[in-house]
Amino acid sequence: MIVMKFGGTSNKDAHAISNVAEIIRAHRGRNPVVVISAIAQATNMLERAGRAAENGDTAEARKVIEELFERHFAILDALIHDKARRSELECYMKTSFDELSSLIQGVAIVRECTPRTTDAFCSYGELLSSRLVAATLLETGTGSQWLDTRDFMVTDDHYTSALPVMDQIRERLEPLVRRAQESHLIPVTQGFIGVTSAGIRTTMGRESSDYSASIIGAVLKAEEIQIWTDVDGVLTADPGVVPGAKKVRELSFGQAFDISYFGAKVLHPHTMLPAIEQNIPVRIYNSRNPRSTGTLVTGSLDQKRSMIKSISYKKGIVLASITPHRRSGQYMFWDQVFNILTKYNIPVYLVGTSDIKIILALEAKYLSENLTSDLSGIGNLHVCGERGLITLVGEAIASSGTIPAQIFRALEGNPVSLFSFGASPSSINIVVEERSVENSVRRLHDEFFAADRGSDVFEAVSG
């Protein structure tokens, strides 16, 4: 059994969904369970409708969902021709539209779109797209069964960032998949969305369909989890910044986690966690180029030499440095700082410490008035904005005697605000001025990848 997840760009229109159905059919001998994301930009549109309703602009909110449903009806018109199947889908889509219209009216009345309500809006993207994919498979003679995550993907009630309840998912999902496969049907379900034990829709965070696929793969003990996206795999850098970026053939779980956590968009960071627990390999494929070998992410690699494999980056970073008002003990000060971060659930990418100072690298969007007020209450707070975080990920980095020197040689003349080496065996982190991020990435890429590093590790990206 394998799990196949298809992202929004893979499902964006009728041609793309037809291609997805063809890829699924090619793998049906491996008993696939299919996880579908919303069509491209659908979640953004649903969030925009919620915000418009919150502002009382019901006309704009309704216009947005009308545009979204026009795209879904266009896919239906192009792909679904069986009269009964078409009628069933039309009814489902019209009912969904009416439900969203009622939701818009309710939000407009109270002028508040809570996280719970946001999840209610966003759930429709995956529900609609997965219905279309399941119907397209049936239309082409491939047996499929649509599974609603409401029936198995149990989460907690932390809306917009819910966490799975694995025992309950396992108990509910296994019999559903078993019955479908015994009837020679391919299960098709949704990524991103779940449900509380009380039956209320949740989502597990933006771009978390990869995570959903990994949860399903771990619960079912799949032999492989496949993530189908719009690039050939994990690349040595963002091809929009480095046109000559190459594909990485293999990564370890830890390397893939670091790449995704520190900025690369190809995987959701949480994807690795269930896969690691069950030691299930993850493969990243390109739905536009299904013959590509992709990137394999696995628990063990034969490569032992120190090397950089990929460079990712994240903009919108600030450095917040806090010096205590009075010296009351190093550990007491640290405790105060981290208690405040925990209070506001703030993710921090890097931490630098001295005897009396802590420097935090975090996203600017988290630097709220309440957070800065609390931090200023325990120390002198200084914020340096407009920074970017660059992360180099690779093999045996911490034991390398040459990689740090290469980094500073490549970045000569570009000020480095913070440098972290040794905390992770597979990554090095650098904070630079935001305006120099792209140039720094290109210079680092030239330093580490200009020479051919060997076809056993890297591969040219197909045209």
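Here are the numbers:
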| read-out | value |
| --- | --- |
| In the stretch 190-217, residue nearest to the chain's Cα centre (by Cα) [restricted to those that are of a type in the set (A, V, I, L, M) and over 11 Å from V282 (Cβ atoms)] | M204 |
| Within the stretch 256-280, considering residues that are open to solvent by 30 Å² or more (accessible area, probe 1.4 Å) and of a type in the set (F, W, Y), the one farthest from S426 (Cα to Cα) | Y261 |
| Candidate set from the stretch 315-339 (those that are open to solvent by 20 Å² or more (accessible area, probe 1.4 Å) and among the hydrophobic types (A, V, I, L, M, F, W, C)); member that is nearest to the chain's Cα centre (by Cα) | F338 |
| The stretch 193-203, subset touching a residue at least 60 places away in the same chain (Cβ under 8 Å) and not hydroxyl-bearing (S, T, Y), residue farthest from F257 (Cα to Cα) | I200 |
| Count - residues of the stretch 27-53 that are in contact with an Asp or Glu (Cβ under 6 Å, 6 or more places away or on another chain) and either open to solvent by 40 Å² or more (accessible area, probe 1.4 Å) or part of a loop (DSSP other than H, G, I, E, B) (or both) | 1 |
| Looking only at the stretch 170-190, and only at residues there that are among the aliphatic types (A, V, I, L, M) and touching a Leu at 6+ places or on another chain (Cβ under 8 Å), the one that is surrounded by the most Cβ atoms within 10 Å (Cβ to Cβ) | V188 |
| Residue that is touching a strand residue (DSSP E or B) at 6+ places or on another chain (Cβ under 7 Å) and not small (G, A, S), where the choices are L375, L411 | L375 |
| Lone qualifier among A256, A213, A237 - being among the small types (G, A, S) and without any contact (Cβ under 8 Å) to a residue 60 or more places away in the chain | A256 |
| Matching residues in the stretch 330-347 - criterion: being hydrophobic (A, V, I, L, M, F, W, C) and closer than 13 Å to L371 by Cα | V337, F338, I340, L341, I346 |
| Residue within the stretch 211-225 that is modelled with pLDDT under 95 and either charged (D, E, K, R) or assigned to a loop (DSSP other than H, G, I, E, B) (or both) present | no |
| Unique match (being on the phi < 0 side of the Ramachandran plot, open to solvent by 20 Å² or more (accessible area, probe 1.4 Å) and under 16 Å from the mean Cα position of the chain (by Cα)) among R283, R291, R249 | R283 |
| Single residue of V348, V437 found to be closer than 30 Å to K247 by Cβ and aliphatic (A, V, I, L, M) | V437 |
| Breaking point among (1) over 28 Å from the mean Cα position of the chain (by Cα); (2) modelled with pLDDT under 95; (3) not aromatic (F, W, Y), for L381 | (2) |
| Matching residues, the stretch 1-26, being surrounded by 17 or more Cβ atoms within 10 Å (Cβ to Cβ), assigned to a helix (DSSP H, G or I) and among the hydrophobic types (A, V, I, L, M, F, W, C) | A14, A16, I17, V20, A21, I23, I24 |
| Qualifying position, being among the aliphatic types (A, V, I, L, M) and farther than 22 Å from M4 by Cα, among L132, L100, L128 | L100 |
| Hits in the stretch 54-100 - residues which are assigned to a loop (DSSP other than H, G, I, E, B) and surrounded by fewer than 13 Cβ atoms within 10 Å (Cβ to Cβ) | H81, D82 |
| Failed item, numbered, when S312 is tested on (1) touching a strand residue (DSSP E or B) at 6+ places or on another chain (Cβ under 6 Å); (2) loosely packed, with under 15 Cβ neighbours inside 10 Å | (2) |
| Among residues of the stretch 115-169, those that are buried (at least 24 other Cβ atoms within 10 Å of the Cβ) and aromatic (F, W, Y), counted | 2 |
| Single residue of V34, V64 found to be farther than 18 Å from A120 by Cα and either of a type outside the set (S, T, N, Q) or under 29 Å from the mean Cα position of the chain (by Cα) (or both) | V34 |
| All strands (runs of 3 or more DSSP E) inside the stretch 361-463 with 3 or more residues being in contact (Cβ under 8 Å) with a residue 40 or more places away in the chain and surrounded by 19 or more Cβ atoms within 10 Å (Cβ to Cβ) | 379-395, 427-433 |
| Members of the stretch 189-214 found to be of a type outside the set (S, T, Y), touching a strand residue (DSSP E or B) at 6+ places or on another chain (Cβ under 8 Å) and over 11 Å from K5 (Cβ atoms), listed by number | I193, G194, V195, R201, M204 |
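The values are calculated or read from the model by the stated rules, or taken from the named source; none is laboratory data. Only a predicted model underlies this, so the values are computations on that prediction, with no experimental measurement involved. Methodologically, a virtual Cβ is constructed for each residue, glycine included, from the backbone with ideal geometry; neighbour enumeration extends over all protein chains shown. Each accessible area value is taken on the protein alone, full model and side chains, heavy atoms only, with ligands, DNA and RNA left out. Shrake-Rupley method; radii C 1.70, N 1.55, O 1.52, S 1.80 Å.
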